[in-house]
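In what follows, a single structure is set out as structure tokens and then discussed.
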Amino acid sequence: MSYPEPRYLGEKGEVNAVFRGADAEPELVGAGGNRTHYLATHASTGGEFGLYKVDLGPKAPGPKTHFHRSISESFFVLSGEVGLYDGDRWVTAKAGDFLYVPVGGLHAFRNDSDDVSTMLMLFSPGAPREAYFEQVAEMAQRGGEEFQRFLVDHDSFFVPEADQAG
């Protein structure tokens, strides 16, 4: 086992940690009670990872089945129940459950319950996902070639769901 090559070459360390209190307001409030907290963004981690806390409103449909070509995505359920699709089947994930989706892995998520569900989403390496979160609903309404270009620009490749209704 070996560690990556050192990237910090100083001798004394630096004061550069970033704290975010639990009472911080979400950066994005969407339809149906969805709320997204930008815990660690591509910009704040220098592209190492992106970490988001997502509150899914009751019966929130979430994104359809898709994959990413350049980033992995992980889900950790904090509260409630989240439907997670692992490319093969839907599972009802509860607090403490975790799903790792490697680059290229099919996945989707949704909240089928009548209650708010909360999860952490981790992207690695970090990508500027904030623009995707903030614009996807508007771009989907526009549709057409502009929406398709938006999806490609944000490394989101959706697939037909004929056998994935679960």
Review point. Ignoring ligands, DNA and RNA, how do T92, T118 rank by accessible area with a 1.4 Å probe, largest first?
Key: T92, T118
Check your understanding: For q = 0.18, 0.19, 0.22 Å⁻¹, what log10 I(q)/I(0) does the stretch 59-166 give under the Debye formula with an equal point scatterer on each alpha carbon and no solvent?
Key -> -0.95, -1.06, -1.36
Review point. For the chain, which whole-number percentage of the solvent-accessible area (1.4 Å probe, protein heavy atoms only) is attributable to carbon and sulfur atoms?
Key: 55 percent
Review point. When all protein chains stay in place, what accessible area (Å², nearest 10, 1.4 Å probe) is found for L106?
Key: 60 Å²
Revision key, fill the gap. Helix 144-153 sits off the longest principal axis of the Cα atoms of the chain, rounded to the nearest 10 on a 0 to 90 degree scale, by 30 degrees
Check your understanding: Cross-link partners among lysines for K94, C-alpha distance below 18 Å, same-chain residues fewer than 8 apart left out?
Key -> K53, K59
Study note, to complete from the structure: Once Lys and Arg are counted +1 and Asp and Glu -1 for all other residues with Cβ under 14 Å from that of V152, the total becomes -2
Point to revise | In order through the stretch 38-50: 3J(HN,Hα) via Karplus (6.51 cos²θ - 1.76 cosθ + 1.60), integer Hz, x for Gly, Pro | key: 8, 6, 8, 9, 3, 5, 7, 10, x, x, 5, 6, x
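The values are calculated or read from the model by the stated rules, or taken from the named source; none is laboratory data. The model shown is predicted, which means the values in this text are computed figures rather than measured ones. A quick note on method: Cβ atoms are made from the backbone with ideal geometry, for glycine too, and the neighbour counts reach across all protein chains shown. Quick note on the areas: whole protein, heavy atoms, side chains included, nothing else; ligands and nucleic acids left out. Shrake-Rupley method; radii C 1.70, N 1.55, O 1.52, S 1.80 Å.
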